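Before any comments, here is the structure.
The values are calculated or read from the model by the stated rules, or taken from the named source; none is laboratory data. As the structure is a prediction and not an experimental result, all values here were calculated from the model. So basically every Cβ, Gly included, is an ideal-geometry build from the backbone, and we count neighbours across all protein chains shown. Side chains included, ligands, DNA and RNA excluded: accessible areas come from the protein's heavy atoms. Shrake-Rupley method; radii C 1.70, N 1.55, O 1.52, S 1.80 Å.
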There are 2 protein chains.
Amino acid sequence: MSLQAIDNSDVRKLRQIAGEENVLVGGDIPDDYSHDEMAPVTAQPEVVFRPGCTGEVASLLQHCRGRGIAVTPRGSGTGLMGGAVPVCGGVLLDMGRMKEILEIDCENMLARVQPGVTLLELSEAVESRGLFYAPDPGEKSGSIGGNVSTNAGGMRAVKYGVTRDHVRGMQVVLADGEVLDLGGRVAKNSTGYQLMQIIIGSEGTLAVVTEITVRLLPRPPALASLLVQFSDLDQAISTVPRFAAAGITPQAIEFFRRGVITASEQYLGKAFPDRSAPAYLLLRFDGSSREELESQMDAAGRVCLENGAEDALIADTAERQEALWSARGAFLEAIKHDEMDEADVVVPRAAIAEMVHYADEVGERVDLRMETFGHAGDGNLHINMLRDGLPWEQWRSRVDAAMDLLYEKSEELGGMVSGEHGIGHAKRAYLHRHTDRREIELMRGIKELFDPSGILNPQKVL
Amino acid sequence: MSLQAIDNSDVRKLRQIAGEENVLVGGDIPDDYSHDEMAPVTAQPEVVFRPGCTGEVASLLQHCRGRGIAVTPRGSGTGLMGGAVPVCGGVLLDMGRMKEILEIDCENMLARVQPGVTLLELSEAVESRGLFYAPDPGEKSGSIGGNVSTNAGGMRAVKYGVTRDHVRGMQVVLADGEVLDLGGRVAKNSTGYQLMQIIIGSEGTLAVVTEITVRLLPRPPALASLLVQFSDLDQAISTVPRFAAAGITPQAIEFFRRGVITASEQYLGKAFPDRSAPAYLLLRFDGSSREELESQMDAAGRVCLENGAEDALIADTAERQEALWSARGAFLEAIKHDEMDEADVVVPRAAIAEMVHYADEVGERVDLRMETFGHAGDGNLHINMLRDGLPWEQWRSRVDAAMDLLYEKSEELGGMVSGEHGIGHAKRAYLHRHTDRREIELMRGIKELFDPSGILNPQKVL
C-alpha cells in the first residue's frame with residue numbers, strides 16, 4: 001500500500017483528537033523532530049502529534065490506518081540509528097506528554113509507567129523508595145518507551161540483563177487503533193505465544209507502546225568501583241572471563257583506552273582520576289553489605305593483578321565513583337561534538353579484543369579516525385567513526401567501507417549487527433546482509449500480520 | 001488443511017531417513033508415548049520417529065509437510081498439560097536420542113546442547129566445571145528442549161528468572177524442513193525482531209528446536225536454607241514482600257501447608273525435619289561467601305520473626321538441605337500417585353494468599369480434595385485436584401467446575417492461566433476464555449505464518 005500525504009482535513013481531525021496545541025504543522029515544527037542523536041538520517045514530519053493518553057493514540061491510528069498515513073513513534077529522540085526519524089513524512093507521534101509514573105507497587109515490586117517517562121525519572125522515583133530499576137543505558141534522558149522499543153542494554157547488563165528481562169507487561173495500540181494489554185503483573189508466564197516479546201525491540205514498527213510495567217529490585221545498599229590499569233587492551237580483555245571463573249559478578253565491566261579519556265576531559269572540563277595506562281577496565285560492584293562488597297573488590301583486584309594489571313584503584317566514596325562514571329557516561333557526547341557514525345556490534349565476549357584490533361586496522365585501511373569502547377562484560381562494542389572535518393561525501397564513503405568490513409568481521413566471529421542500539425533506518429542494509437533470507441521473510445510476515453497497511457514506522461528495521 | 005493418516009510408503013520413507021530401529025509402528029509403540037505425566041489426555045501415535053540429528057528432523061518435516069501428516073515433538077514426556085500427546089495421531093517425534101552436550105564454553109559462559117539433554121545432565125556437567133545453569137524446574141528428568149518449549153520456571157526463578165532469561169540462541173527446523181539458527185553466543189541482541197523469543201514457550205507448535213545455547217553463571221560457592229514455621233498461611237505469605245524490602249534476595253521462596261508434608265513423608269518413607277506448624281515458608285539462599293550467606297540468613301530470620309513466625313530452622317549442611325528440598329521436590333509425585341489434575345495459575349505475588357484461600361473454598365464448594373503449594377516468591381501456585389477414588393465422570397465434572405472458578409478468580413486478581421507448565425492440550429479452553437480475542441487472532445496469525453499446513457503439534461496451545 002502506498003502512503004498518503006496529509007491534507008487539511010487530516011490536520012483538522014488530528015486537532016479534534018488531541019487539541020489545537022498538540023498538533024504542530026509546517027513551520028511550527030521544531031527542527032529537533034527531523035533527526036535523532038546521530039544517524040545521518042534526517043526527514044521533516046508533515047505533522048507532529050502529541051497525545052495525552054492512550055485513547056488519543058488509538059484515535060490517531062484509526063484515522064491514519066484508514067487514510068494510509070505513516071506514523072513514526074518517538075520517545076526522547078536519543079536513538080542513534082534514525083529509528084524515530086519520519087523518513088516517509090506523515091505523522092511524528094511524540095510520546096513526550098505521556099510521562100506519568102502511574103504506580104509504584106512496592107508489594108509486588110513493579111512500576112507501571114507511561115512511555116515518555118525518562119530513565120532518570122524512573123530511577124529517581126523508585127530509588128527514593130529503596131528500590132532499583134536495573135537496566136542502565138548510558139543515555140539517562142532516554143524514555144522508557146524508547147528503551148523498550150530498542151531493547152536497550154546498558155552497563156549493568158553484565159549482572160542484570162537488558163530491558164527485555166525487566167518488562168513484565170505492556171499496553172499497546174495496534175496499527176488499526178485497537179488497544180491490547182499484554183503480560184501483566186506476574187513474574188512468570190507460559191500462557192500462549194508471548195506477543196509482548198516480539199514487540200520488545202521492534203522499534204515501533206509493530207505497535208505503539210502506551211504503558212509499560214517493569215519489575216523492580218531491592219536497591220543494593222553498597223556500591224563501589226574499581227579502575228584497573230593495563231599495559232594493553234588484550235591484557236585487559238583477557239582478564240574479563242576470569243572474574244566469572246572466580247565467582248565474581250560485577251554489575252558492569254567497561255573497557256576503554258587512553259585516547260577517549262582525553263576527549264572526555266576536554267568535553268567535561270574535568271580531569272579523569274588517572275591517565276597513566278594505555279588501557280583500562282572500569283568495574284562496578286554492588287553488595288548487600290560493605291563486607292560483601294569489600295571481599296568482592298579484593299578478589300577482583302587480585303584477579304586483575306594476577307593477569308598483569310599495573311594497578312587497581314578503588315573508588316568507594318560517592319564522589320570518586322561519580323568522577324569515574326560521569327566520565328564514562330560522557331564518552332559518547334565527548335567524541336560526538338564532532339560529527340560521527342557508529343557500529344554497535346555485539347560479539348561473543350571472548351572475541352572482543354580481536355574485534356577491537358580489527359576496528360583499528362579498518363580505521364587505518366580506510367583512513368578514518370575511530371574510537372572504540374564499550375561493554376567488556378557482555379561483548380558489546382561501540383565503534384565510533386569520526387568525521388574530523390572531512391568533506392561529507394568522502395566521509396560517508398569511508399564510513400560505508402568501514403561498516404561493511406566491521407559487520408563482516410562481526411559475523412565471522414559469531415556476532416550480530418546490533419547489541420543494544422537497534423537497526424532503525426541506518427542499519428537496515430546490514431540486517432539484511434547478515435541475516436538468513438528465511439528469517440527476514442518471517443520478520444516480514446510478522447510485520448504484515450501486525451501492520452498490514454504498513455503505516456507504523458515505515459522503512460525501519462526491515 | 002486436513003491432516004492425513006500414515007501409510008506404508010510413509011513408514012518406508014521415515015525408515016530411510018532415521019533407520020529401521022528408530023521408527024516404531026503399531027504394536028511396537030510403548031504405551032508411554034500416548035500420555036504425559038498428568039493431563040487426562042491420551043492418544044496413540046501412528047508412528048514414533050527417533051531422529052539422531054538435525055538433518056533427520058529436517059527430512060522428516062519435509063516429508064510430513066508434503067503429505068499433511070501431524071508431527072508432535074516430545075522431550076522426556078514430563079509435561080503436565082498434554083503438550084506432547086499426539087492427539088491427532090501422525091508422527092510422535094521423540095527427541096530423546098539427541099541428547100549430546102555439544103559444548104561447554106567456559107570463556108563465554110555458555111553451553112550448547114541438543115534438546116534431549118535432561119536438566120539433571122546439564123546441571124551435573126556444568127557444575128563439575130564450577131558453573132551453574134540457573135533455571136530450576138522441579139522435574140530434573142525433564143529435557144532442556146521441553147523446558148524451552150514451555151518456558152519452564154522453577155524454584156530459583158525468584159532470583160534468576162525463568163528459562164527464557166537464560167536462552168541465548170537456538171537452532172530450529174521450520175515446518176517445511178528449513179533449518180534456521182536464531183540468536184547466538186551473544187549476551188545482548190537488538191538485531192531485528194527476535195523470532196527466538198516467540199518460539200520459546202510455543203510448545204512445539206511453531207518449529208522443532210534441535211539445538212539450544214544457554215548462558216551459565218558462576219556456581220555460588222555457598223548455599224543454605226531456612227524452614228520457617230508460621231501459625232497460618234496469611235502470615236507466611238504476607239512475610240514475602242518484606243524480604244525484598246529488607247534487601248534480601250533468596251534463590252527460592254516456597255510455601256506449603258502441613259497437609260502436603262504427610263503425603264510427602266508417606267511417599268518418600270522419610271520423616272520431614274519438622275511438622276509442628278500449620279504453614280511454612282522454605283527459603284534457599286546462595287552467596288559468594290559463608291559470611292554473606294550468614295548475614296542474609298540472619299536478616300531473613302529476623303524479618304520472619306518480626307512478622308509473627310514461630311521459629312526459623314537453619315539448614316546449612318548439605319544433608320539437612322537435601323532433606324528439606326527432596327521433600328519439597330517430592331510433593332507433586334507424592335500426591336500424584338493418586339490420579340490428579342492441576343491448575344498452574346500465576347497471580348501478582350501479593351495476591352497469593354487470597355488465591356490459596358479461594359482454592360480451599362472452591363474445593364469445599366465442588367467437593368474435591370485440593371492440595372495447593374508453590375512458589376511464594378513469584379506468585380505461581382500449583383492447585384492440585386485429587387481423584388480420591390471418585391468415578392471418572394464425576395471427578396472430571398468436579399475438576400471442570402473447579403477450574404472454571406479458579407481461572408476466573410485468577411483473572412480477577414490480575415493473574416494468568418499458566419505460570420510455567422504451559423497450555424498444551426488440556427488448558428486451551430481457558431487460554432481462549434481469559435485472553436483477548438484480538439490477542440488470540442494475532443497468535444493464530446503467527447501459527448499460520450510459521451506452519452501454514454498446521455502439521456506441527458496440532459490442537460495444542462490454540
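Normalise the Cα radius of gyration of the range B:61-171 by 2.2 N^0.38 Å (N = residues in it) and let me know the number.
Numbers: Rg = 15.1 Å, N = 111, 2.2 N^0.38 = 13.2 Å.
For the range B:61-171, the normalised Cα radius of gyration comes out at 1.15.
For a test of the definition: using alpha carbon positions, the gyration tensor, and the 1.5 limit on a/c, classify the range B:222-332 as rounded, prolate or oblate.
Working: a/c = 2.14, a/b = 1.27, b/c = 1.69.
It is oblate, given that a/c is not under 1.5 and a/b is not larger than b/c.
For chain B, which semi-axes, largest first and in whole Å, follow from the square roots of 5 times the eigenvalues of its Cα gyration tensor? Walk me through the intermediate numbers first.
Numbers: eigenvalues 285, 140, 79 Å².
So the three semi-axes of chain B are 38, 26, 20 Å.
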Rolling a 1.4 angstrom probe over the protein chains, ignoring ligands and nucleic acids, what is the accessible area of B:I261 in square angstrom, nearest 10? 0 Å²
Placing a label point 7 Å from Cα toward Cβ, how far apart in nm is A:A125 from its equivalents in the other copies, listed shortest first to one decimal? 4.5
Charge dipole (debye, nearest 20) of the range A:222-332; +1 at Cβ of Lys and Arg, -1 at Cβ of Asp and Glu: 320 debye
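Rounded, prolate or oblate: which fits the range B:1-45 when a ≥ b ≥ c are the square roots of the eigenvalues of the alpha-carbon gyration tensor, with rounded for a/c under 1.5 and prolate only if a/b beats b/c? Provide the component values of the computation, followed by the final result.
Numbers: a/c = 2.72, a/b = 1.49, b/c = 1.83.
Cα axes put the range B:1-45 in the oblate bin.
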Nearest 500 deg cm²/dmol is fine: what mean residue ellipticity at 222 nm does chain A get from its DSSP H runs of n ≥ 4 alone, each adding -39,500 (n - 2.57), divided by its residue count? -11000 deg cm²/dmol
Kindly provide the GluC sites (Glu not before Pro) of the range A:270-342 that DSSP labels as loop, not H, G, I, E or B, and whose Cβ sees at most 16 other Cβ atoms within 10 Å. A:E310, A:E339
For every other residue with a beta carbon closer than 13 angstrom to the beta carbon of A:T150, add +1 if it is Lys or Arg and -1 if Asp or Glu, then tell me the sum. -1
Probe 1.4 Å - accessible area at A:D28, Å² to nearest ten: 110 Å²
Nearest-20 debye value, chain A charge dipole, Cβ charges on Lys, Arg, Asp, Glu: 940 debye
Leaving out ligands, DNA and RNA but keeping every protein chain, what accessible area does B:F256 have, in Å² rounded to the nearest 10, with a 1.4 Å probe? 0 Å²
Taking the Cα centre of the range A:101-218 as origin, sum charge times position over the Cβ atoms of Lys and Arg (+1) and Asp and Glu (-1), and report the length of that vector in debye to the nearest 20. 440 debye
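What number, in percent, do you get for the relative contact order of the range B:338-422 if the mean sequence gap of Cα pairs under 8 Å and at least 6 apart is divided by its residue count? Walk me through the intermediate numbers first.
Details: 138 pairs, mean separation 37.4, N = 85.
With pairs under 8 Å counted, the relative contact order is 44 percent.
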Cα atoms only: what Rg and Dmax, in Å, come out for the range A:338-422? 12.1, 37
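Grab the beta carbon distance between B:Q4 and B:S34, set R0 = 22 Å, and tell me the FRET efficiency rounded to 0.05.
Details: r = 20 Å, r/R0 = 0.92.
Calculated transfer efficiency: 0.65.
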Hey, got the average number of other protein chain Cβ atoms within 10 angstrom for residues in A:237-246? 3
What are the label-to-label distances in nm, one decimal and shortest first, from A:A5 to the same spot in the other copies, with labels 7 Å along Cα to Cβ? 6.5
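Kindly flag which residue pairs out of B:K270/B:K336; A:K188/B:K336; A:K336/B:K188 have an alpha-carbon separation exceeding 22 Å in this structure.
On the way: B:K270/B:K336 17 Å; A:K188/B:K336 24 Å; A:K336/B:K188 24 Å.
Going by Cα-Cα distance, A:K188/B:K336; A:K336/B:K188 fall outside the 22 Å limit.
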Tilt of helix B:8-18 relative to the longest C-alpha principal axis of chain B, in degrees (0 to 90, nearest 10)? 60 degrees
Pairing the Cα long axis of helix B:352-366 with the longest principal axis of chain B, what angle in degrees results, from 0 to 90 and rounded to the nearest 10? 70 degrees
Kirkwood Rh (inverse of mean 1/r, distinct Cα pairs), the protein assembly as shown, angstrom: 28.7 Å
Determine, from the Cβ-Cβ distance of A:Q16 and B:H432 and an R0 of 30 Å, the FRET efficiency 1/(1 + (r/R0)^6), rounded to the nearest 0.05. 0.20
What is the sum of charges, Lys and Arg at +1 and Asp and Glu at -1, for the other residues whose Cβ falls under 10 Å from the Cβ of B:V240? 0
In the range A:1-138, what percentage of the DSSP-assigned beta bridges are antiparallel, given to the nearest 5? 50 percent
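For B:W395, what charge total do you get from the other residues with a beta carbon under 11 Å from its beta carbon, if Lys and Arg give +1 and Asp and Glu give -1? Show your work: numbers first, answer last.
Values: positive: B:R369, B:R387, B:R396, B:R398; negative: B:D338, B:E339, B:D341, B:D367, B:D388, B:E393, B:D400.
Surrounding charge for B:W395 is -3.
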Work out the mean other chain Cβ neighbour count within 10 Å for the residues of A:438-450 and drop it here as an integer. 5
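Semi-axes of the equivalent ellipsoid of the range A:375-438: what are they in whole Å, largest first, if each equals the square root of 5 times a C-alpha gyration tensor eigenvalue? List each step's numbers first, then the result.
Values: eigenvalues 97, 48, 24 Å².
Those come to 22, 15, 11 Å.
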Inter-copy label distances at A:E364, 7 Å along the Cα→beta-carbon direction, one decimal in nm, shortest first? 8.2
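How high is the relative contact order of chain A, in percent, counting Cα pairs under 8 Å that sit 6 or more residues apart?
On the way: 987 pairs, mean separation 74.6, N = 462.
Over chain A, the number comes to 16 percent.
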Rounded to one decimal in Å, the inverse mean reciprocal Cα-Cα distance for the range A:271-392, i.e. its Kirkwood radius, is 16.6 Å
Does anything in the range B:225-244 have its amide N under 15 Å from the 7 Å Cα→Cβ label point of B:R258, and if so which residues? B:229-234
Roughly what angle does helix A:318-336 make with the longest principal axis of chain A, taking Cα atoms, 0 to 90 degrees, to the nearest 10? 60 degrees
Pairwise label distance in nanometres, B:R444 with B:E265, each label 7 Å out on the Cα-Cβ vector: 5.3 nm
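Compute the relative contact order of the range A:101-218 as a whole-number percentage, counting only Cα pairs closer than 8 Å that sit 6 or more residues apart in sequence. If you can, show how the numbers build up before the last one.
Values: 220 pairs, mean separation 38.5, N = 118.
This gives 33 percent for the range A:101-218.
Any idea what the alpha-carbon Rg over 2.2 N^0.38 Å comes to for the range B:31-123? Let's see the in-between values first.
Working: Rg = 14.9 Å, N = 93, 2.2 N^0.38 = 12.3 Å.
So the range B:31-123 has a normalised radius of gyration of 1.21.
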Can you tell which of B:M38, B:A222, B:I69 lies farthest toward the positive end of the dipole of chain B, using +1 and -1 charges on the Cβ of basic and acidic side chains (Lys, Arg; Asp, Glu)? B:I69
Signed unit charges on C-beta, dipole axis of the protein assembly as shown, positive-most listed residue A:L233, B:V23, B:Q296: B:V23
